[in-house]
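Engineer: Dumping the structure here so I can ask a few things about it.
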Amino acid sequence: MDNDFSQGSVRRHIISQAIPLTIAQLVQILYNLTDRIYIGHIPGASGLALTGIGLIFPIVTLVTAFTTLFGMGGGSLCSIARGAGKTERAEKIMTNTFVLLCASALILTVLCYAFKRPVLYALGASDATYAYADEYLSIYLIGTVFVMLSVGMNWFINAQGFARFGMITVVCGAVLNIALDPLFIFVFDMGVRGAAVATVISQFASMLWVLMFLFGKRTILRLRREYAIPDKRIVKDIASLGIAGFIMNGTNGLVQVVCNVVLSRYGDLYIGIMTVINSIREIAQLPVSGVANGAQPVLGYNYGAHRPDRVKSGIKFSVFLGTAVGVIFWILVMLFPKQFMMPFTSDAEMLMDGELAMRIYYCAFFTMSLQFAGQSTFTSLGMAKPAIFFSLFRKVILVVPLTFLLPHISSLGVYGVFAAEPISNVIGGTASFTAMLVIVWRMLTRMEKAQDRH
């Protein structure tokens, strides 16, 4: 039975989850990447328009952080409940998550509209780039509830073992976005606003698919009205598991803010370069995060079913596979940095200065797989505290201070901002992975010995 992860090959379950999840994540990324690719080639304004879009990254990341807080937290908790055979609890978790996503989407939308102008200038906007950022964000915020429900509730489709249906969630929206972007941007001559309109329509289509599935006949778990009033204990459990992902995304936003503020001292050009680099990063780390996310429901289910041997097997395989694909993408990015940048911009100066920045930023990218391995394993097994710590450690304790300090060391200058990432990857990734081996492996070994005694 494909929905019972305690039976059959662990490797097959992880791959069967990882492939559609990776495809789904790829297509999800295409929402924003498609916008950036087209915006980066708008005649006469490509560099400034792309920089303007880069300024709203922290806001988009904040929305993603809250989506992850409730979606990943609820999905992981749901997998553990399913593995333990607690269907009623799993449905309570899913319904509570739905309510939390709706409420947080409404609050975020209101706050972002209320403080839009001062926030954009605080994020590094200049008078030249503010107009582009404002045009896009004003429309993009309309779709906040759409994107939070489509992405957040999609975790529950995957948690039930329906990864292919989860893939369709984002495929239908992203394909629609790819088709609508050139129509609104160029044919209707809406420019940056057209890209935002296309994205909102696409997010709405994805949300409809998720809700149709969760209210349909094929779903194992159902959204139920009687569980619509949030249960404090369940909300606490959801938040305790999702907080690691929230912090990971939230600190990504913090790093983006810090980078934009520091880079703004050197001109709008380098914010544009960082926008391109972040866009490429989303693609480069995709297979690694896909493997980690594919392993999460399998590890969580087997942990809930008291199968430590299968959890160990799953960890070994996901680490090997994630590291292998991470190394492959690292090699490609290091060999062909300019070619990776060209789809996003035709600005000659941005391409020239960006090539060195790319090589610096990605020089230790392969160690990112260690961070994902440790982070996802802790989250899968409900171990919130170490997951939270290592989220904070790499970004807040390492990247943020380094971003401020490195430009002043030797003659690094602006390239010191880009050097902060590889240093944090090596230190943070190694620490997270080592701690996971020490803590989790010992715990699983004790479980095995206890089972042998009985």
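Engineer: Straight-line reach only, C-alpha to C-alpha below 25 angstrom: list the lysines that LYS316 could link to, leaving out same-chain residues fewer than 8 apart.
Structural biologist: Within the straight-line cut-off, LYS316 pairs with LYS385, LYS449.
Engineer: Further question: Sort out for me the Cα centre separation of region 160-184 from region 390-454, rounded to whole Å.
Structural biologist: Here the answer is 33 Å between Cα centres.
Engineer: Computed from the mean reciprocal separation of all distinct C-alpha pairs, what Kirkwood hydrodynamic radius does region 107-150 have, in Å?
Structural biologist: 11.1 Å
Engineer: Let me ask something additional. Could you work out what % of the accessible surface of the chain is carbon and sulfur, using a 1.4 angstrom probe and leaving DNA, RNA and ligands out of the count?
Structural biologist: 68 percent
Engineer: Quick one: check the C-alpha center-to-center distance for region 113-140 versus region 261-276, whole angstrom.
Structural biologist: 16 Å
Engineer: Now a separate question. How about region 58-120: which chymotrypsin sites (Phe, Trp or Tyr not before Pro) there are in a DSSP loop, with at most 13 other Cβ atoms within 10 Å of their Cβ?
Structural biologist: The qualifying sites are PHE115.
Engineer: Sticking with this one: Roughly how many Å² is the accessible area per residue of the chain, as a whole number, for a 1.4 Å probe?
Structural biologist: Solvent-accessible surface per residue comes out at 39 Å².
Engineer: Could you tell me which of rounded, prolate or oblate describes region 284-367, using a ≥ b ≥ c as the square roots of the eigenvalues of the alpha-carbon gyration tensor, with rounded for a/c under 1.5 and, failing that, prolate when a/b is larger than b/c and oblate otherwise?
Structural biologist: In terms of gyration-tensor shape, prolate.
Engineer: Then there is this: Within straight cross-link reach of LYS232, meaning Cα distance under 19 Å, which aspartates and glutamates are found once same-chain residues fewer than 8 apart are removed?
Structural biologist: Qualifying aspartates and glutamates at Cα under 19 Å: GLU88, GLU91.
The values are calculated or read from the model by the stated rules, or taken from the named source; none is laboratory data. Since the structure is predicted, the reported quantities are computational estimates derived from the model, not experimental observations. All Cβ positions, glycine included, derive from the backbone under ideal geometry; neighbour counts span all protein chains shown. For the accessible areas, the whole protein counts, side chains as well, though only heavy atoms, and no ligand, DNA or RNA atoms are used. Shrake-Rupley method; radii C 1.70, N 1.55, O 1.52, S 1.80 Å.
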